[in-house]
Amino acid sequence: MSFSEPCTLAVDFGGTSIKMGVTAGDRILATADRIPTAMFESPQAIIEAMIAAALNLRGQFPSACVMGMGMPGWCDYYRGTLYQLTNVRVWDHEVPVKELMEQALGLPVVLDNDANCMAYAEWKLGAGRGMSSLVCLTMGTGIGGGIVVNDRILRGKRLSTGELGQTSIHYQGKPGPFGNRGAIEEYIGNNELAAEAVKRYAGAGIVKTVNECTPRDLDEAARAGCPIALQLWEDTAEMLACLIMNLMYTLVPDAFIIGGGVAKAGDLLMKPLLKNLREQLFPMHMEELKILPARFGAEAGLLGAGAMAMDEFLGQGVLERFKKEEVAKALC
């Protein structure tokens with residue numbers, strides 16, 4: 001595909017920085033410098049910085065015909081509004097992101113939750129391509145999720161479906177941020193896993209910091225035979241199996257696609273995970289169960305936001321209009 005063909009401006013909004021780029025299918029054609037969110041004093045200032053970066057990218061890629069934006073928190077996909085962001089202190093009220101970006105860029109804009117965008121990338125372009133139903137889990141600082149049912153992203157009445165990290169694995173467990181008890185990301189997010197590792201090492205008379213107990217560190221330690229690290233992966237697998245078991249009985253998707261730092265443990269996680277699931281699922285469910293590693297890593301957010309936007313507007317004739325405009329320019 002040449003750069004003269006239709007492509008998409010894409011945004012992957014993180015709690016500490018914003019990634020922006022240009023996508024075409026499963027390729028990222030270009031990226032802008034990351035925008036650190038902490039340097040801004042208001043949502044409007046953040047919006048203006050994104051507009052400036054987007055205008056610069058569009059100058060380099062005039063064939064960009066639509067923009068896709070993945071943002072954390074509660075996004076109103078239909079209205080294009082983003083509500084309060086817990087990880088960005090200054091973003092404490094509702095902002096009509098879609099309207100503001102469309103006015104500034106003169107392009108149609110699609111806004112959705114960032115985990116939905118990651119799931120969309122895996123569904124349309126990655127490990128779940130060709131499937132009609134799947135659950136995508138991203139295991140990093142927290143646990144994000146996106147659900148596809150009958151070839152549609154499941155968004156729910158209040159557009160907040162897929163907050164899988166807040167689902168409970170213990171009704172008397174640790175309190176979550178909304179009063180929910182036993183939320184799984186209170187146990188096996190990267191930070192929680194590191195803190196538990198430090199505690200267990202200390203109990204064995206070994207001093208380690210949380211920075212020495214990342215998923216990669218624990219992976220290496222387990223493969224070297226460390227019993228503490230091995231047991232941590234066993235326990236992580238048992239807790240993850242509880243979540244997958246509940247989702248399997250509820251949805252019976254074609255596959256579960258798992259990405260993120262914790263998921264990179266491979267067989268250290270997968271072997272005990274499958275063992276736990278075999279002990280808890282109907283045999284016919286186990287026969288149909290597929291658990292696949294995500295195809296994309298950190299680039300999933302950009303690719304998913306871009307693909308979602310392009311697919312959304314293809315059905316509205318944007319691509320056809322774009323091609324007609326290009327022909328008209330060529331004739332002038």
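Hey, does the stretch 285-299 have a residue that's open to solvent by 60 Å² or more (accessible area, probe 1.4 Å), out of contact with any Pro (no Cβ under 7 Å at 6 or more places or on another chain) and in a helix (DSSP H, G or I)?
Yes, because at least one residue in the stretch 285-299 is open to solvent by 60 Å² or more (accessible area, probe 1.4 Å), out of contact with any Pro (no Cβ under 7 Å at 6 or more places or on another chain) and in a helix (DSSP H, G or I).
Residues that are aliphatic (A, V, I, L, M) and either within 20 Å of N246 (Cβ to Cβ) or under 10 Å from the mean Cα position of the chain (by Cα) (or both) were ranked within the stretch 112-130; the one that is surrounded by the fewest Cβ atoms within 10 Å (Cβ to Cβ) is A115. What do you reckon, is S63 of a type in the set (S, T, Y) and more than 29 Å from Q166 (Cα to Cα)? Spelling it out, S63 is indeed of a type in the set (S, T, Y) and more than 29 Å from Q166 (Cα to Cα).
For the stretch 62-90, filtered to residues that are over 16 Å from the mean Cα position of the chain (by Cα) and among the aliphatic types (A, V, I, L, M), the residue that is farthest from G142 (Cα to Cα) is A64. If you go through the stretch 52-68 and keep only what is of a type in the set (S, T, N, Q) and either touching a Pro at 6+ places or on another chain (Cβ under 9 Å) or in a strand (DSSP E or B) (or both), you end up with just S63. Applying the criterion of being of a type in the set (K, R) and touching a strand residue (DSSP E or B) at 6+ places or on another chain (Cβ under 8 Å) to the residues of the stretch 168-204, the residue that is nearest to G73 (Cα to Cα) is R181.
Taken together, T167, T236 contain a single residue that is among the hydroxyl-bearing types (S, T, Y), touching a Phe, Trp or Tyr at 6+ places or on another chain (Cβ under 9 Å) and within 25 Å of G297 (Cβ to Cβ), which is T236. Scanning the stretch 247-269 for residues that are surrounded by 16 or more Cβ atoms within 10 Å (Cβ to Cβ), out of contact with any strand residue (DSSP E or B) (no Cβ under 6 Å at 6 or more places or on another chain) and part of a helix (DSSP H, G or I) yields M248, L251, K264, A265, L268, L269. Restricting attention to the stretch 131-171, the residues being open to solvent by 30 Å² or more (accessible area, probe 1.4 Å), in contact with a Gly (Cβ under 9 Å, 6 or more places away or on another chain) and on the phi > 0 side of the Ramachandran plot number 1.
Residues of the stretch 192-216 that are part of a helix (DSSP H, G or I) and crowded, with 16+ Cβ neighbours inside 10 Å: E192, L193, A194, E196, A197, V198, R200, Y201, P215. Candidates S42, S4, S17: the one that is surrounded by fewer than 17 Cβ atoms within 10 Å (Cβ to Cβ), among the hydroxyl-bearing types (S, T, Y) and in contact with a Pro (Cβ under 6 Å, 6 or more places away or on another chain) is S17. When restricted to residues that are of a type outside the set (V, I, T), in contact with a Gly (Cβ under 9 Å, 6 or more places away or on another chain), modelled with pLDDT under 95 and surrounded by fewer than 21 Cβ atoms within 10 Å (Cβ to Cβ), the stretch 86-111 contains 1. Here the strands (runs of 3 or more DSSP E) wholly within the stretch 1-51 that include at least 3 residues being touching a helix residue (DSSP H, G or I) at 6+ places or on another chain (Cβ under 6 Å) and not aromatic (F, W, Y) are 7-13, 17-24.
The numbered conditions (1) at pLDDT below 90; (2) out of contact with any Leu (no Cβ under 7 Å at 6 or more places or on another chain) are all true for P72 except (2).
The values are calculated or read from the model by the stated rules, or taken from the named source; none is laboratory data. What you see is a predicted model; the values in this text were computed from it and never measured. Don't worry about glycine lacking a Cβ; one is built from the backbone with ideal geometry, like all the others, and counts go over all protein chains shown. Accessible surface areas use protein heavy atoms only, side chains included; no ligands, DNA or RNA. Shrake-Rupley method; radii C 1.70, N 1.55, O 1.52, S 1.80 Å.
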